[in-house]
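S.K.: Got a structure for you, questions after.
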Ligand SMILES: Nc1ncnc2c1ncn2[C@@H]1O[C@H](COP(=O)(O)OP(=O)(O)OP(=O)(O)O)[C@@H](O)[C@H]1O
Ligand code: SF4
Ligand SMILES: [Mg+2]
């Protein structure tokens, strides 16, 4: 199993075990009958270590946001467990859930629609205190909110302004301030910079890194952009059609990927160095992503994989260190869900 690097401690703060979310597909208007299920998340396991950033990448519809919602308890899991500091939180409700929720907060993708346009910035950032007044008693809220504005690099005097008076990057800073209001330990970031201009993305990422060091935060960072994910992540998980295809440290995944899907994703990332670009092989995947309501048997990637063999249709490949690399001491020795995992020379995102 891949270990965390950089600023992370070795203690898992969150452990996800065989998490499943199937959305029922129904037919009929009056008498709804279940005719199938969208297997949005279909048996995913991973750890998030204290103080680390775990990046999650994968094509649209592979289940990234559903994982985020399950961790936040915004969706109920069909099965599986989510342990927060050793306690299974996936089945909690009421007061017990509220207490845990305080420690796990979320920053959303679109700072334009995720902030209520009719509320002042002070009310938006201070809203979590309505549910958790113990963190900031009424008389103390204004000061707390102004402190948070300062922490995210906004002028505390803007407290009475409305979201439309801010730029996209500033709005995402407001979203981050709200995420920090309850002093959480974990922040789930679902595409936090995807809606922002490229020039602003770096500023928001730098802010998030600074806050992580300052408050010892653990991030689950979901994104499309493989270069951004590499920049911010200690480890990276690659999802395909509701499953984890490969997971490891950023170096293992970007420089020594062994799963064909990861190799294909990386081969499509633009590389600035013309020499590296000239020497690389671009892997073009054939076909579309199959429907999660009817995923292929065996390996889900087999309908698009250039290496697929009979075994791939018959046996589900487990996410584990491939035997051939297990005692190699090489960076290829990390979890990969492929029967024929091997290294391939792809130039990863810098
Ligand atoms: N409430 C729901 N009811 C039915 N199906 C759903 C629901 N929410 C998500 N899905 C389906 O589950 C699958 C995974 O969706 P999800 O939003 O988790 O993907 P994603 O990886 O976040 O995609 P994107 O990169 O586009 O945000 C998709 O096929 C989606 O249509
Ligand atoms: S298990 Fe087979 S189909 Fe799946 S990624 Fe590996 S080689 Fe391709
Ligand atoms: Mg999503």
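S.K.: For region 299-314, what are the residues that are in contact with a helix residue (DSSP H, G or I) (Cβ under 6 Å, 6 or more places away or on another chain) and free of Cβ contacts under 8 Å to residues at least 40 places away in the same chain?
M.R.: Scanning region 299-314 gives a single hit, 302.
S.K.: With a cut-off of at least 1 residues that are within 12 Å of ligand 1 (Cβ to nearest atom), name the strands (runs of 3 or more DSSP E) lying wholly within region 33-84. Before you say what the answer is, go through the steps one by one.
M.R.: Values: elements: 33-49, 53-57, 79-84.
Strands (runs of 3 or more DSSP E) meeting the threshold: 33-49, 53-57.
S.K.: Residue by residue through region 173-208, note down the ones that are assigned to a helix (DSSP H, G or I) and over 27 Å from residue 89 (Cβ atoms).
M.R.: Once the filter is applied, which keeps residues that are assigned to a helix (DSSP H, G or I) and over 27 Å from residue 89 (Cβ atoms), region 173-208 yields 173, 174, 198, 199, 200, 201, 202, 203, 204, 205, 206, 207.
S.K.: Moving to a separate point now. Consider region 167-219. How many of its residues are in contact (Cβ under 8 Å) with a residue 40 or more places away in the chain, away from ligand 1 (no atom under 16 Å from the Cβ) and within 16 Å of the chain's Cα centre (by Cα)?
M.R.: Residues meeting the conditions: 9.
S.K.: Is one or more of the residues making up region 169-176 crowded, with 18+ Cβ neighbours inside 10 Å, in contact with a helix residue (DSSP H, G or I) (Cβ under 6 Å, 6 or more places away or on another chain) and closer than 19 Å to residue 230 by Cβ?
M.R.: No, region 169-176 has no match at all.
S.K.: Based on this model, can you work out whether residue 229 counts as within 16 Å of ligand 1 (Cβ to nearest atom), in a helix (DSSP H, G or I) and touching a helix residue (DSSP H, G or I) at 6+ places or on another chain (Cβ under 9 Å)? Steps first, answer last, please.
M.R.: Working: within 16 Å of ligand 1 (Cβ to nearest atom): yes; in a helix (DSSP H, G or I): yes; touching a helix residue (DSSP H, G or I) at 6+ places or on another chain (Cβ under 9 Å): yes.
It is true that residue 229 is within 16 Å of ligand 1 (Cβ to nearest atom), in a helix (DSSP H, G or I) and touching a helix residue (DSSP H, G or I) at 6+ places or on another chain (Cβ under 9 Å).
S.K.: Let me ask something else. Assuming residue 299 fulfils every condition listed in (1) more than 16 Å from ligand 3 (Cβ to nearest atom); (2) closer than 30 Å to residue 189 by Cα; (3) modelled with pLDDT under 95 apart from one, which condition is it?
M.R.: Of (1) more than 16 Å from ligand 3 (Cβ to nearest atom); (2) closer than 30 Å to residue 189 by Cα; (3) modelled with pLDDT under 95, only one is false for residue 299: (3).
S.K.: Which residues, taken from region 320-339, are in contact (Cβ under 8 Å) with a residue 12 or more places away in the chain and either within 16 Å of ligand 3 (Cβ to nearest atom) or outside any loop (DSSP other than H, G, I, E, B) (or both)? Talk me through it step by step, then tell me what you get.
M.R.: Taking region 320-339 first, the residues in contact (Cβ under 8 Å) with a residue 12 or more places away in the chain are 320-322, 324-325, 330-339.
Once the filter is applied, which keeps residues that are in contact (Cβ under 8 Å) with a residue 12 or more places away in the chain and either within 16 Å of ligand 3 (Cβ to nearest atom) or outside any loop (DSSP other than H, G, I, E, B) (or both), region 320-339 yields 320, 324, 325, 335, 336.
S.K.: Looking at 290, 296, 317, can you tell me which residue is without any contact (Cβ under 8 Å) to a residue 24 or more places away in the chain, over 30 Å from residue 176 (Cβ atoms), part of a loop (DSSP other than H, G, I, E, B) and within 16 Å of ligand 1 (Cβ to nearest atom)? First the steps, then the outcome.
M.R.: Details: 290 fails: without any contact (Cβ under 8 Å) to a residue 24 or more places away in the chain; 317 fails: within 16 Å of ligand 1 (Cβ to nearest atom).
296 is the lone residue from the list that is without any contact (Cβ under 8 Å) to a residue 24 or more places away in the chain, over 30 Å from residue 176 (Cβ atoms), part of a loop (DSSP other than H, G, I, E, B) and within 16 Å of ligand 1 (Cβ to nearest atom).
S.K.: Which of the residues spanning region 99-128 are more than 16 Å from ligand 1 (Cβ to nearest atom), under 29 Å from residue 12 (Cβ atoms) and in a loop (DSSP other than H, G, I, E, B)?
M.R.: Result: 102, 103.
S.K.: Please tell me if residue 96 is more than 30 Å from residue 25 (Cα to Cα) and in a loop (DSSP other than H, G, I, E, B). Talk me through it step by step, then tell me what you get.
M.R.: Working: more than 30 Å from residue 25 (Cα to Cα): yes; in a loop (DSSP other than H, G, I, E, B): no.
Considered against the rule, which asks whether it is more than 30 Å from residue 25 (Cα to Cα) and in a loop (DSSP other than H, G, I, E, B), residue 96 comes out as no.
Every residue, every condition in (1) in contact with a strand residue (DSSP E or B) (Cβ under 8 Å, 6 or more places away or on another chain); (2) crowded, with 21+ Cβ neighbours inside 10 Å, yes or no:
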residue: 235; (1), (2): yes, yes
residue: 251; (1), (2): no, no
residue: 255; (1), (2): no, no
residue: 259; (1), (2): yes, yes
residue: 266; (1), (2): no, yes
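S.K.: Residues of region 137-162 being outside any helix (DSSP H, G or I), without any contact (Cβ under 8 Å) to a residue 40 or more places away in the chain and surrounded by 15 or more Cβ atoms within 10 Å (Cβ to Cβ), which ones?
M.R.: Just the residues of region 137-162 that are outside any helix (DSSP H, G or I), to begin with: 137, 152-155, 161-162.
Filter once more, so that each one left must be without any contact (Cβ under 8 Å) to a residue 40 or more places away in the chain: 137, 154-155.
Across region 137-162, the qualifying residue is only 154.
S.K.: Sort out which residues of region 70-87 are within 16 Å of ligand 3 (Cβ to nearest atom) and within 13 Å of residue 16 (Cα to Cα), and write them in order of number. Write out each step before concluding.
M.R.: In the first step, residues of region 70-87 are kept if they are within 16 Å of ligand 3 (Cβ to nearest atom); the result is 70-72, 74-75.
Hits for region 70-87 are 70, 71, 72.
S.K.: If you don't mind, another one. Would you confirm, using the coordinates I've provided, whether residue 44 is over 24 Å from residue 192 (Cα atoms), surrounded by 16 or more Cβ atoms within 10 Å (Cβ to Cβ) and either within 16 Å of ligand 3 (Cβ to nearest atom) or over 16 Å from the mean Cα position of the chain (by Cα) (or both)? Full working, then the answer.
M.R.: On the way: over 24 Å from residue 192 (Cα atoms): no; surrounded by 16 or more Cβ atoms within 10 Å (Cβ to Cβ): yes; either within 16 Å of ligand 3 (Cβ to nearest atom) or over 16 Å from the mean Cα position of the chain (by Cα) (or both): yes.
Criteria not met by residue 44.
S.K.: Going through region 111-136 one residue at a time, which ones are loosely packed, with under 15 Cβ neighbours inside 10 Å, touching a helix residue (DSSP H, G or I) at 6+ places or on another chain (Cβ under 8 Å) and within 19 Å of residue 183 (Cβ to Cβ)?
M.R.: Those that are loosely packed, with under 15 Cβ neighbours inside 10 Å, touching a helix residue (DSSP H, G or I) at 6+ places or on another chain (Cβ under 8 Å) and within 19 Å of residue 183 (Cβ to Cβ): 127, 131.
Let's see how each residue does on (1) more than 22 Å from residue 40 (Cβ to Cβ); (2) more than 16 Å from ligand 1 (Cβ to nearest atom); (3) assigned to a helix (DSSP H, G or I):
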{"residue": "254", "(1), (2), (3)": "yes, yes, yes"}
{"residue": "285", "(1), (2), (3)": "no, yes, no"}
{"residue": "304", "(1), (2), (3)": "no, yes, no"}
{"residue": "341", "(1), (2), (3)": "yes, yes, no"}
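The values are calculated or read from the model by the stated rules, or taken from the named source; none is laboratory data. Being a predicted model, the structure only gives us computed values, none of them experimental. FYI the Cβ positions are ideal-geometry reconstructions off the backbone, even for glycines, and counts take in every protein chain you see.
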